[in-house]
Structure formats: C-alpha cells, structure tokens
1. Taking residue 71 as meeting all but one of (1) open to solvent by 40 Å² or more (accessible area, probe 1.4 Å); (2) at pLDDT below 95, write down the number of the exception.
2. Filter the range 165-181 for residues that are closer than 25 Å to residue 134 by Cβ and not hydrophobic (A, V, I, L, M, F, W, C); which is surrounded by the fewest Cβ atoms within 10 Å (Cβ to Cβ)?
3. Within the range 157-181, restricting attention to residues that are β-branched (Val, Ile, Thr) and in contact with a strand residue (DSSP E or B) (Cβ under 7 Å, 6 or more places away or on another chain), which residue is farthest from residue 87 (Cα to Cα)?
4. Give just the number: which of (1) open to solvent by less than 60 Å² (accessible area, probe 1.4 Å); (2) at pLDDT 95 or above does residue 60 not satisfy?
5. Quick test of your reading of the structure: residue 29 fulfils all but one of (1) out of contact with any Lys or Arg (no Cβ under 8 Å at 6 or more places or on another chain); (2) within 16 Å of residue 208 (Cα to Cα); (3) open to solvent by less than 40 Å² (accessible area, probe 1.4 Å); (4) in a helix (DSSP H, G or I). Name the failing condition by number.
6. Which residues, taken from the range 82-101, are open to solvent by 50 Å² or more (accessible area, probe 1.4 Å) and assigned to a loop (DSSP other than H, G, I, E, B)?
7. Quick one: count up the residues across the range 102-113 that are out of contact with any Ser or Thr (no Cβ under 8 Å at 6 or more places or on another chain) and either open to solvent by less than 80 Å² (accessible area, probe 1.4 Å) or part of a helix (DSSP H, G or I) (or both).
Amino acid sequence: WNRATDVAGVDIYPVPEPQQQSDLPNKTISVVGDECDKNVAAVNGEKPIFMVLQGFGWAELSRPPGQPIEAVMPTFHQSRFMAYQSIVHGANGILYWGTHYTQKPSRFWSELRSLVSELAALQHVLSAETLRDRNAARVLRPRTGVRLLHKRVGGFNYVIVVNETPDRVRAEIALPGLRATSLRRLFDKASVPVARQTARLSLTGYDVAVLSDDQGFVDVRKDFSDEWRNPPPASDRALLREEGNL
C-alpha cells in the first residue's frame, strides 16, 4: 500500500519490555529503530516516514471510565530515547497516540509535553538537511550500538548521538573540520571536550546526547511538573473535564 501513500510510517509501543507488539525479533524498546528502518526500506527511502510513538500505558486501554489503574508508563528517559532513535533512523515526523487514555494530571503526561517542547526547540535543526559528506560526524567507538545524525544550521553543528543498547558505553565521535575545543550537551547542562576533532562522552543505557558548537542556542525544556506535583482540587478537575472548559 505504500505505493499509494504520500507519507508512510508505523505505530510502535514497546513499553514495558519485553515488547510484544512488533513481530520483529528485537524485544527491547530499541525495536523502534528497527521498525523505522523497515518503513524506510518499504518506500525505498523516497517518501517521508512518520513514527507514531507511545503516548499511553497498555493497561490504560482497558481501564473503566473514571477508575484509577496502575499502568506501566514510559519514563521520560525511555520516551526521549524512542523519539531521538526514530530521528537518527530517518523519521521525518513524530506523532503520539493514546494520550486520550492517559490520566491527567500525571507525571507521564507532564513529562511527555516537556519532551515535545525540547523537540520543538530543535525544530529548525531537525528539519534541516542531514550532513552526509566527508565532513559528517561518525562513530569511532563502539563499533556497534551507537548511532548519530549530523546537521549544520547557520554555520553551527548539531550532532544527535543515541546509545541503542541498555548498557553504559564510552563513545568516541569523529568531527572532521570542527574547530571548537568543546561542545555543549544541550538540555543536559553539560559540555563535552573535543581533542583533535574527536569528542569522547559517556552514555548510559538508551541515552541521548544532543551536541552543538552553537553557544547561543537556547536549550530550554519546558517544565510541567507542577501540574502533577500540585494538582488542582477534585472540584476544579471536574470543571476541566466539562465539554468546552479545557
């Protein structure tokens, strides 16, 4: 059916592990990248791919209306990984399904919107052409398990690095032509040293690093945590649920 589409893609909701939705052999949350690869191949890399990611917990789908339920929700770390893994595997768009089932206010709902605000701040970067020439960044070590994407916008470099394994790794990234001696690790309030055009950084399992030499980039991720830490009284929440009041 992809011959008839303008945009292809897939919905994949792998939390909790082991995932049971995809029929691919990978049963971890990194199956998101495998599913993205499959869709890129299905359109011969000639059409956009939109990944539909997890905006709910599976147990929420069978929750009786108005009844609480303990669902296993993606953590912020997992949601961030799945979003950026989609991007480095070639996704052109991200959508979230199932948020109409999700409890609000809740920690998951607030953290998901914080993640979306991060992606929105990078919109001009994400929509730029990917660098693929001899000056493009590449992974030196480890030989497998770490993937990256290199963008250049306004003369500045942005390198998205994703650890696709559950293990901590020490990554080395070659940055041909880079003059900077350090890179900002955006949204993490950290920096990564660069020596001889090589960056070395530590990544936890399923970790993401957005590296840039743009000192002026405003890496502000919106914080909605007050909504679930200090929820409004039940009477106010009832008013919010009335049609037209949200």
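1. Every condition holds for residue 71 apart from (1).
2. If we take residues in the range 165-181 being closer than 25 Å to residue 134 by Cβ and not hydrophobic (A, V, I, L, M, F, W, C), then 179 is surrounded by the fewest Cβ atoms within 10 Å (Cβ to Cβ).
3. Result: 181.
4. Going through (1) open to solvent by less than 60 Å² (accessible area, probe 1.4 Å); (2) at pLDDT 95 or above one by one, residue 60 breaks only (2).
5. Here residue 29 clears every test but (4).
6. 92, 100, 101
7. 4
The values are calculated or read from the model by the stated rules, or taken from the named source; none is laboratory data. Nothing here was measured: the structure is a model prediction, and the numbers come from that model. Using ideal geometry, Cβ is built from the backbone for each residue, glycine included, and neighbour counts are taken over all protein chains shown. Accessible surface is based on the protein model in full, side chains and every heavy atom, while ligands, DNA and RNA are left aside. Shrake-Rupley method; radii C 1.70, N 1.55, O 1.52, S 1.80 Å.
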